[in-house]
1. Using a 7 Å offset from the Cα along the Cα-to-Cβ direction at both Tyr32 and Ser114, what is the distance between the two label points in nm, to one decimal?
2. Excluding Ala123 itself, what net charge comes from residues whose Cβ is under 12 Å from its Cβ, given Lys and Arg +1 and Asp and Glu -1?
3. What ranking do 83-94, 114-125, 58-69 get when scored by the average of other Cβ atoms within 10 Å per residue, highest first?
4. So, R0 is 35 Å and r is the distance between the beta-carbons of Glu94 and Glu67; what FRET efficiency does that work out to, to 0.05?
Amino acid sequence: SSKTAVRFQVEEDAEGRLVKHQVEESVPEPSYSVLSSAENKDAARKTLAVLASVEVDYVQVSVSEEELHFEDTYMYQTSDKSFVLRNTGSAPAEFSWSLENDNMNATSAGLPFSITPASGCVAGGDE
């Protein structure tokens, strides 16, 4: 008999973005021996101490800039600003950006700015 363990693997896609994939692996049951009925009765009276250790993954992200200030940008010109999203945790951090200001709605002409990549995944300890 075997159990299934689930882990997440981070890979780079064709566009260079990090994406997380769920991977299921079969974990075999450890070897054991069946006790006879007499041994079973004796075993029922024994107290066993079991020691266990657990490793927990966590996500912790930070950004290099809390606000981006753009200079005046005139018609037919563009302005770029960059910031770094860091994952100081040990588990992959998925992200996607959304607008916070209700006055900035997408129109048929689109928004006056874009955020790229719009979504992705940052591996633990990476940026």
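Read-outs throughout are calculated quantities, based only on the coordinates presented, and are distinct from any laboratory measurement. The shown structure was predicted, so the numbers you read here are calculated from the model rather than taken from an experiment. Neighbour counts are summed over all protein chains in view; Cβ atoms, including those assigned to glycine, are modelled from backbone coordinates with ideal geometry.
1. 5.7
2. Working: positive: Arg17, Lys20, Arg86; negative: Glu11, Glu12, Asp57, Glu94, Asp126, Glu127.
The answer is -3.
3. Numbers: 83-94: 15.8, 114-125: 14.3, 58-69: 10.5.
Averaged packing, sorted descending, gives the order 83-94, 114-125, 58-69.
4. Once rounded, the FRET efficiency stands at 0.90.
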